[in-house]
Amino acid sequence: MPELPEVEVVRRGLEAHVLDHPIRSVEVLHPRPVRRHAGGPADFAARLTGRTFTAAHRRGKYLWLALDDTDALLGHLGMSGQMLVQPAGVPDERHLRVRFALADDLELRFVDQRMFGGLAISDGGAVIPPEIAHIARDPLDGEFDDPAFVRRVRRSESGIKRVLLNQNIISGVGNIYADEGLWLARLHGERPGSRLRKSDVERVLSGCRQVMLQALGEGGTSFDSLYVNVNGESGYFDRSLQVYGREAEPCSRCGTPIRRISFMNRSSFFCPVCQPAPRRRRPRPAAAAPIS
Ligand SMILES: [Zn+2]
């Protein structure tokens, strides 16, 4: 499944290659990826033909291409989606679902084997599609508000990891990035936000950002080539992770075996020494029985 840095790589590739080439025709080869378009595949194609992509944006794992600075083509890669930019005439990919033939003999191709992803037209969505306006910005977004995030975390009674996974507060930090960011910040995921110092929250935010930027760097090698590809198989996650998926292996900082605990139907990985669990609050002493 493409993670946020990989989606950002695709956004940059789209920005570099598909803007300002008017759409000559649109061919929907399978109806499922445009299932959210109420008018059906023919209407989808008709409404896009003749328009021009004018900007490429991302919010969390959603991508959108502004159409003449008014509407937008909103897309999600799902589990296996790819956005490929190819010269016209290159043989079709096996799972090609939608083809946008652009001016200058370029094609934007949406390829998706499992078809959990999809494309839709968002009316008036050029700046931000209303369908996804509720999703918070992510830490790689230039307009992410660090001080507001720190304040929001410190008002929360929830554990810091739960906050990091709340898409209404911060988007794009999945389970893996949260565990890695917490390890870098030496914080246990169950520490309540309200009991963290400002510097603790800043450290975990910078840790998550560091891991995401590293992934972006490793996934970004192809973005000035014409072929823009996302397949979720970057290999990054095998090479560079410190705690995630490393149960019982030694922590690279202190040598203590990494522990795994279950968390929201998934797993959390952490070093029990570098990231001590929060002390339980002592139960409040029972009120003294009134003397009768
Ligand atoms: Zn350690």
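Coordinate-derived values only; no laboratory data. Please read all numbers here as calculations on a predicted model, not as lab measurements. Note: ideal-geometry Cβ built from the backbone for every residue, glycine included; neighbour counts use all protein chains shown.
FRET efficiency for Arg36 and Ser199, Cβ-Cβ distance as r, R0 = 35 Å, nearest 0.05?
With R0 = 35 Å, the Cβ-Cβ based efficiency is 0.20.
Each Lys and Arg Cβ is given +1 and each Asp and Glu Cβ -1; about its Cα centre, segment 5-77 then shows a dipole of about 300 debye. Between Arg280 and Val127, the contour length at 0.36 nm per residue exceeds the alpha carbon distance by 50.5 nm.
What you get for the chain, charging only the Cβ of Lys and Arg (+1) and of Asp and Glu (-1), is a dipole of about 2220 debye around the Cα centre. Overall, segment 36-134 carries a charge dipole of about 420 debye about its Cα centre when +1 sits on the Cβ of Lys and Arg and -1 on the Cβ of Asp and Glu, all other atoms neutral. What does the C-alpha gyration tensor say about the overall shape of segment 98-186? Classify as rounded when a/c is under 1.5, otherwise prolate if a/b is larger than b/c, or oblate. It is prolate, given that a/c is not under 1.5 and a/b is the larger ratio.
Averaged over residues, the count of other Cβ atoms within 10 Å places the peptides 75-82, 156-163 in the sequence 75-82, 156-163, highest first. Average 1/r across all pairs of distinct alpha carbons in the chain, invert it, and you get the Kirkwood radius: 21.0 Å. Ranked by the mean number of other Cβ atoms within 10 Å of their residues, highest first, the peptides 255-264, 120-129 fall in the order 120-129, 255-264. Think of segment 88-206 as having a plus end and a minus end, set by charges on the Cβ of Lys, Arg, Asp and Glu; of Gly142, Ile128, Trp183, Trp183 sits farthest toward the positive end of this dipole. Net charge near Asn168, counting Lys/Arg +1 and Asp/Glu -1 over other residues with Cβ under 13 Å of its Cβ? Net charge around Asn168: +3. The residues Asp68, Asp20, when put in order of fewest to most other Cβ atoms within 10 Å, stand as Asp20, Asp68. Normalised by 2.2 N^0.38 Å, where N is the number of residues, the alpha-carbon radius of gyration of segment 83-150 equals 1.55.
Stokes-Einstein diffusion for segment 1-104 at 25 °C, viscosity 0.890 mPa s, with a Kirkwood radius from C-alpha pairs, works out to 173 µm²/s.
Which trypsin sites (Lys or Arg not before Pro) from segment 1-81 combine a DSSP loop assignment with at most 16 other Cβ atoms within 10 Å?
On the way: sites: Arg11, Arg12, Arg24, Arg35, Arg36, Arg47, Arg51, Arg58, Arg59, Lys61; in loops: Arg35, Arg36, Arg51, Lys61.
Sites meeting the loop and neighbour criteria: Arg35, Arg36.
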